Amino acid sequence: MAPPIPVYTNTEIRTRYKAQLNNPEKYNCELRSLVQHECTFKTFPNDRSKPPEIICLPFKRIFQRCLIPQITKENGKKIHINKWVNIEITSSETNKLKVDQSTSKFDINVQEFLNAEKDFRKLMEMEMEENA
């Protein structure tokens, strides 16, 4: 499971964490990553006796984990602490869809995923029509 972090735009992250991103050594920053998966069902609308298959595509997320100084109040007194913060630095380049240069088509796994999404939508539409 992904670490709980607020969602910011790339511009907001670059502004908010400018010091840490420009000087990672000063803040003891480390690169971290995790892989999540986007999944769908491969259905067989023309042969409902076949059970659905699950198809998943990996999605990589990259973080800078930095030790950031903060000031908190405890019993009315200001206390200086350091807190670990995960700064997501995933970009559009991190998970670029693979395309076969010779055919300009998506990688076979991406194509299978997209086809499964279409078939699943078709099956759901067929079931809605039957139940109407």
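The values are calculated or read from the model by the stated rules, or taken from the named source; none is laboratory data. Source: prediction; values computed, not measured. Here Cβ is always computed from backbone atoms with ideal geometry, including for glycine, and neighbour counts include all displayed protein chains.
Here are the numbers for the structure shown:
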{"quantity": "Residue list for the stretch 16-31, filter: exposed (fewer than 15 other Cβ atoms within 10 Å of the Cβ) and of a type outside the set (Asp, Glu)", "calculated": "ARG16, LYS18, ALA19, ASN22, ASN23, LYS26, ASN28, LEU31"}
{"quantity": "From the options GLN36, GLN111, GLN101, residue that is at pLDDT below 85 and within 21 Å of the chain's Cα centre (by Cα)", "calculated": "GLN111"}
